[in-house]
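The values are calculated or read from the model by the stated rules, or taken from the named source; none is laboratory data. Nothing here was measured: the structure is a model prediction, and the numbers come from that model. Glycine also receives a Cβ, built like all others from the backbone with ideal geometry; neighbour counts cover every protein chain displayed.
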Amino acid sequence: MKPAQGARAARTRASTPPKGDSRARIIEAAREAFSTMGFDGASLRSVAKDAGVQHQLATYYFKTKEELWMAVMDELAIGFFARLSKRIRGLEGVDAATKLRLVVREFVKYSAENPQLHRLMTLEGRRESERLVWLIRRHVSRFFAISTKLIREAQALGAVRPGDPGQLHYCAIGIATAAFSLAPEYKLVTGNNPFTRSHIEQIADLVCDFLFVRSGKVVSEAI
C-alpha cells in the first residue's frame with residue numbers, strides 16, 4: 001500500500017463510527033445519570049463506565065457533556081412527539097375535547113414509560129440557564145402550544161373548566177407525572193406501584209377529572 005493510500009485508509013477508519021449499539025447504551029446511561037444526579041453531577045467518564053464503553057468512545061460520539069445532554073433531551077422529546085402525532089393522525093374534524101383527552105392519555109403513558117423525562121425537566125426548570133432556554137425553544141414551547149390551544153378550544157365548547165390555559169397545563173402535568181418521577185417515594189408511602197397498567201389509567205383519569213367539567217365526561221366514555 002502506498003503512503004497516500006495508507007493515510008486515506010487511516011482517515012477513513014478514524015471517521016467511521018464503531019459498530020454495535022454503543023451510542024444507544026451511552027444515551028440510556030446518560031438518561032439515568034442526568035435524571036438522578038443532574039447535569040453538574042454527571043460526567044462523560046461516569047456515563048461511559050455505566051454504559052460499559054470506553055471513555056474515548058463516549059467522546060467520539062459526544063464531544064462535550066452538554067452535547068450528550070442535548071441528545072438525551074432530543075431523544076425523549078422527539079419520541080413523545082412521534083407518538084403524539086401517530087395518535088392524533090386522522091382526527092381532522094374531531095372536537096377539541098376529544099383530542100385533548102387523547103393528548104392527556106398519551107402523555108401519561110409516555111411519562112410512565114419514561115419517568116426520567118419529568119425528573120430532567122424538574123431539575124432544569126429550577127433555575128434559568130442556557131440549557132433551559134434551549135429546551136424551551138426546541139421542545140417545551142411546542143407541547144405548551146399544542147396543549148393550551150386544545151384547552152382554549154375545549155373551554156369554548158364548555159368541556160374544560162374555566163381558568164388560565166397555561167396554569168391548567170402545568171397543573172395537569174403535575175398530576176400526570178408525580179407518581180412516576182417520584183416512584184420510589186410513592187411506592188414506599190402509598191404501597192402502590194404506579195407503573196401497572198391499571199394505575200397508569202387511573203392517573204390519566206385523574207388528569208381528565210381535573211381538566212374537564214362534569215358534562216365533558218360523556219366524551220371520556222367514548223374513548
Q. Are there any pairs with C-beta distances below 6 angstrom linking a residue in the range 32-57 that is at negative phi and among the hydroxyl-bearing types (Ser, Thr, Tyr) to a residue that is crowded, with 16+ Cβ neighbours inside 10 Å and assigned to a helix (DSSP H, G or I), with the two at least 6 apart or on different chains, and if so which?
A. Ser35/Gln116; Ser35/Arg119; Ser35/Leu120
Q. Mind checking which residues of the range 177-193 are part of a helix (DSSP H, G or I) and under 18 Å from the mean Cα position of the chain (by Cα)?
A. Thr177, Ala178, Ala179, Phe180, Ser181, Ala183
Q: Show the residue pairs that are 6+ apart or on different chains and have beta-carbon atoms under 9 Å apart, the first residue being within the range 66-77 and farther than 16 Å from Ser46 by Cβ, the second being of a type in the set (Gly, Ala, Ser).
A: Ala71/Ala30
(Q) Is it the case, given these coordinates, that Leu84 is modelled with pLDDT of 95 or more and of a type in the set (A, V, I, L, M)? (A) no
Q: Tally the residues that are in contact (Cβ under 8 Å) with a residue 24 or more places away in the chain and either outside the structural domain of Gln202 (by TED's automatic domain parsing) or surrounded by fewer than 21 Cβ atoms within 10 Å (Cβ to Cβ) (or both), restricting the search to the range 157-167.
A: 3
Q) Can you find even one residue in the range 194-212 that is under 30 Å from Glu66 (Cβ atoms) and assigned to a loop (DSSP other than H, G, I, E, B)? A) no
Q.
With the structure loaded, tell me whether Ala179 is of a type outside the set (Ser, Thr, Tyr) and closer than 17 Å to Arg101 by Cβ or whether it fails that test.
A. no
Q: For Gly174, indicate whether it is touching a residue at least 12 places away in the same chain (Cβ under 8 Å), part of a helix (DSSP H, G or I) and not charged (D, E, K, R).
A: no
Q | Checking Ser181 against (1) farther than 17 Å from Ser35 by Cα; (2) touching a residue at least 24 places away in the same chain (Cβ under 8 Å); (3) of a type outside the set (A, V, I, L, M, F, W, C), the condition it does not meet | A | (1)
Q.
Whether any residue in the range 110-133 is of a type in the set (A, V, I, L, M, F, W, C), under 23 Å from Asp209 (Cα atoms) and surrounded by fewer than 17 Cβ atoms within 10 Å (Cβ to Cβ) is what I want to check.
A. no
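This table checks each residue for (1) over 28 Å from Glu185 (Cα atoms); (2) of a type in the set (D, E, K, R); (3) touching a residue at least 40 places away in the same chain (Cβ under 8 Å).
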residue: Val94; (1), (2), (3): yes, no, no
residue: Glu106; (1), (2), (3): no, yes, no
residue: Lys109; (1), (2), (3): no, yes, yes
residue: Val133; (1), (2), (3): yes, no, no
residue: Arg142; (1), (2), (3): yes, yes, yes
